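K.L.:
Got a structure for you, written out below as structure tokens; questions coming shortly.
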Amino acid sequence: MNSLSPLRPIRFSARTQDLHPSPIREILAVVDRPGMISFAGGLPSLDSFPQFNLEAMPQHMLQYGASEGEAELRLRIAEDMQSLGLQCSAEQVLILSGSQQGIDLVAKLFIDPGTPVAVEAPTYLAALQVFRFFGARFVAYDAGAPDLDTWRREKPAFAYAIPTFQNPSGRCLDASERTVLAAACDAANIPLFEDDPYRDLIYDDCERTPVCAGLQHAPWIYQGSFSKSLAPGLRLGYLVASPELMPFLTRLKQAADLHSNRVSQWLVLQQLNDPDRSQQLVELAGHYRQRRDVFEAALSRHFSDLASWQIPPGGLFFWLTLNSRIDTRQLLPKAIEAGVAFMPGEPFLPMDVEACGQLRLNFSHADAAQAERGLRILAELVREFV
Ligand code: PMP
């Protein structure tokens, strides 16, 4: 501290009172330690990243660009959306600095202190953090069977859903569950915010049509990401929204960062236009499917008497429910000390719980030997803990 300046209290905004460190980013800070086996973050494996070549990039990509994003990229994304059954034009596409930015923009658009927001339980913890930061009051719901009476009573400002390979549960809604969710949003006239960063990481046949495509009149926002299907360091995602929301989302984007990185946009467009792109996605999914299966075999060896789980048909995570309802946050420091990192389940829940006995394990980062060793160590710790 500078001894010349008197210690004066700094006046922060009221909302920073609820600003907590992200448990994920705190854990990511320790996973780089040598020898650490990480099942914590949703890190794609390093060897899956494409080689980028910047030589042919036009110089003007280094200039300021449009807030909405590069026209060609927006058109390409609109075409992809249409092929998924989501009717939209390029004007309805907004390029984001990672789909995390979409969560921030949607929160700014809808949430005041006390605003009810419908969220799954569990759901993506960094979305909960952002919604909470703006003052959301959570109304937990089951995306496969929303309770209309609760929605009519509570009137959430929007429903946040990850219908495909949910983070953290890995669940994928089937066709009839998607129809039910869309019908509930229409019936209660609740905007649907569909978050879909994992759709390309598919290992078993399952329904992936965006739920937004089934809406008749409720407003909607669908977002995707290039973090999992290309590389997270590009920090590029996109949202597509019903026309009445676009002017607001675009202004919020302008206020946030003017526009997304043009170099990343150019690189992504090159990849999307690469004739080998669909084959690369098949290979990527094959690579992760193999990791999932190796991981599942190791889980069965070490956890079959300790926990239950579903095999995720896509995405990056196993969601484990331990036989005893322990506070998995307390298990974490012991695991890190033993050289294994994982994500405790409690931060994924919108309600305060003392102990949920659930944890999220990422299977894409560790290789077979690390998965075997890490799960053996973790199982031993769980046995000692309960
Ligand atoms: N939504 C969900 C459900 C996620 O799991 C993530 C992170 N993996 C994001 C959004 C943010 O991803 P990104 O900003 O890298 O696109």
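Here, each number is a calculation from the coordinates, and none is a lab measurement. Note that the structure is predicted; figures quoted are calculated from it, not measured. Cβ sites come from the backbone with ideal geometry, for glycine too, and all protein chains shown count toward neighbours.
K.L.:
Expressed as a whole percent, how much of the Cα-Cα distance distribution for region 219-310 exceeds 19 Å?
P.N.:
62
K.L.:
Here is a further query. Mind checking which of Ser89, Ser278, Ser169 has the largest fluctuation in a GNM of the chain, springs on alpha carbons under 10 Å?
P.N.:
In this elastic network of the chain, the residue with the biggest mean-square fluctuation among Ser89, Ser278, Ser169 is Ser278.
K.L.:
So if each residue of separation counts as 0.36 nm, and I subtract the Cα-Cα distance between Asp18 and Arg153, what length gain in nm does that give?
P.N.:
Between Asp18 and Arg153, full extension yields 45.9 nm more.
K.L.:
Taking other Cβ within 10 Å of each residue's Cβ, how do Tyr64, Tyr141 sort, fewest first?
P.N.:
Fewest to most other Cβ atoms nearby, the residues stand as Tyr64, Tyr141.
K.L.:
In the chain, what % of DSSP beta bridges are antiparallel (nearest 5)?
P.N.:
Just about 55 percent of them are antiparallel.
K.L.:
Gln330 to Asp276: FRET efficiency via 1/(1 + (r/R0)^6), r the Cβ-Cβ distance, R0 56 Å, to the nearest 0.05?
P.N.:
Taking R0 as 56 Å, the efficiency between Gln330 and Asp276 is 0.75.
K.L.:
Work through the residues other than Leu239 whose Cβ is under 12 Å from its Cβ and net out their charges, Lys, Arg +1 and Asp, Glu -1.
P.N.:
Residues near Leu239 contribute -3 overall.
K.L.:
Remind me, relative contact order of the chain in percent, using alpha carbon pairs under 8 angstrom and six or more residues apart?
P.N.:
RCO, the chain: 22 percent.
K.L.:
Still on this structure, I have one more. Aspartates and glutamates near Lys253 by alpha-carbon distance under 16 Å, same-chain residues fewer than 8 away left out - which ones?
P.N.:
The reachable aspartates and glutamates, counting only those whose Cα sits under 16 Å from Lys253, are Glu68, Glu70, Glu91, Asp104, Glu244.
K.L.:
Note down the net charge around Gln271, summing +1 for each Lys or Arg and -1 for each Asp or Glu among other residues with Cβ under 14 Å from its Cβ.
P.N.:
Once all neighbours under 14 Å are counted, the net charge is -4.
K.L.:
Points 7 angstrom from Cα along the Cβ direction at Phe49 and Leu7: gap in nanometres?
P.N.:
4.3
K.L.:
Only four residue types carry charge here, +1 at the Cβ of Lys and Arg and -1 at the Cβ of Asp and Glu. Report the dipole size of region 252-386 about the Cα centre in Debye, rounded to the nearest 20.
P.N.:
140
K.L.:
Another question, if that's okay. Measure off 7 Å from each Cα along the Cα-to-Cβ vector at Asp112 and Asn323, then give the distance between these two points in nanometres to one decimal.
P.N.:
Each label point is offset 7 Å from its Cα along the Cβ direction, giving 5.2 nm.
K.L.:
To continue, here is another question. Net charge within 10 Å of Tyr222 by Cβ-Cβ distance, Lys/Arg positive one each and Asp/Glu negative one each, not counting Tyr222 itself?
P.N.:
-3
K.L.:
With a 10 Å Cβ neighbour count serving as the proxy for reagent exposure, in which order, fewest first, do Arg178, Arg251, Arg383 appear?
P.N.:
Ascending Cβ contact count within 10 Å gives the list Arg383, Arg251, Arg178.
K.L.:
Can you give the relative contact order of region 64-272 as a percent, counting alpha carbon pairs under 8 Å and 6+ residues apart?
P.N.:
RCO, region 64-272: 27 percent.
K.L.:
I've got another one for you. Helix-only mean residue ellipticity at 222 nm, the chain, DSSP H runs n ≥ 4 weighted -39,500 (n - 2.57), per residue, nearest 500. What is it?
P.N.:
After summing the helix terms and dividing by residue count, I get -11500 deg cm²/dmol.
K.L.:
Here's another thing I want to ask about it. Between Thr179 and Leu75, 0.36 nm times their residue separation minus their Cα-Cα distance comes to what?
P.N.:
Stretched fully, the Thr179-Leu75 segment lengthens by 34.7 nm.
K.L.:
Name the lysines eligible as straight-distance cross-link partners of Lys155: C-alpha to C-alpha under 25 Å, and not fewer than 8 places from it in the same chain.
P.N.:
Answer for Lys155, where 25 Å is the Cα cut-off: Lys108, listed by chain and number.
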